[in-house]
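Q: Can you read through this structure? Questions will come right after.
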Amino acid sequence: MKKNDIAAMDIKTLKETEQKIREELMRLRLKKGFEQLENPKRMRNLRKDLARVLTRVKQLEKAL
């Protein structure tokens, strides 16, 4: 997910995106425990996306 994409989102969309990322991370963690992931970098990228989303949510909440 690009930084510009995140900057264009409103709080509601950001929170939905946060939830989707968290769910996907949970699925990948479970999958990692049982079998080898086809793309291990996906977890790292999702964690970074989650951090970007959470940072943007805090910025918007602070502005209000």
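The values are calculated or read from the model by the stated rules, or taken from the named source; none is laboratory data. Since the structure is predicted, the reported quantities are computational estimates derived from the model, not experimental observations. Positions of Cβ are generated from backbone atoms using ideal geometry, with glycine treated the same way; all protein chains shown enter the neighbour counts.
Q: Restrict the check to the range 26-36 and report whether at least one residue is within 11 Å of the chain's Cα centre (by Cα), part of a helix (DSSP H, G or I) and free of Cβ contacts under 8 Å to residues at least 60 places away in the same chain. Spell out the reasoning first.
A: Taking the range 26-36 and keeping what is within 11 Å of the chain's Cα centre (by Cα), we get none.
No: zero hits.
Q: Taking the range 23-46, which residues are among the charged types (D, E, K, R) and surrounded by 12 or more Cβ atoms within 10 Å (Cβ to Cβ)? I'd like the intermediate steps shown before the answer.
A: Going residue by residue through the range 23-46, those that are among the charged types (D, E, K, R) are 23-24, 27, 29, 31-32, 35, 38, 41-42, 44.
Across the range 23-46, the qualifying residues are E24, K31, K32, R42.
Q: Under 8 Å between Cβ atoms, at least 6 apart or on separate chains: pull out the pairs that start in the range 41-64 with a residue that is closer than 16 Å to K2 by Cβ and in contact (Cβ under 8 Å) with a residue 40 or more places away in the chain and end on any residue that is in a helix (DSSP H, G or I) and not β-branched (V, I, T).
A: Pairs that qualify, where the first residue is closer than 16 Å to K2 by Cβ and in contact (Cβ under 8 Å) with a residue 40 or more places away in the chain and the partner is in a helix (DSSP H, G or I) and not β-branched (V, I, T), are R52/K3; V53/L14; V53/E18; R56/A7; R56/L14.
Q: Select from the range 1-22 the residues that are of a type in the set (D, E, K, R) and either exposed (fewer than 11 other Cβ atoms within 10 Å of the Cβ) or more than 11 Å from the chain's Cα centre (by Cα) (or both) and write down the one among them that is modelled with the highest pLDDT.
A: So the first thing to find is which residues in the range 1-22 are of a type in the set (D, E, K, R), and the list is 2-3, 5, 10, 12, 15-16, 18, 20, 22.
Pick out the ones that are also either exposed (fewer than 11 other Cβ atoms within 10 Å of the Cβ) or more than 11 Å from the chain's Cα centre (by Cα) (or both) and you get 2-3, 5, 10, 12.
On the way: K2: 85, K3: 86, D5: 91, D10: 92, K12: 95.
Among them, the one singled out is K12.
Q: State yes or no: is L64 loosely packed, with under 14 Cβ neighbours inside 10 Å, out of contact with any helix residue (DSSP H, G or I) (no Cβ under 7 Å at 6 or more places or on another chain) and either among the aliphatic types (A, V, I, L, M) or modelled with pLDDT under 90 (or both)?
A: Judged against the criteria, L64 is a match.
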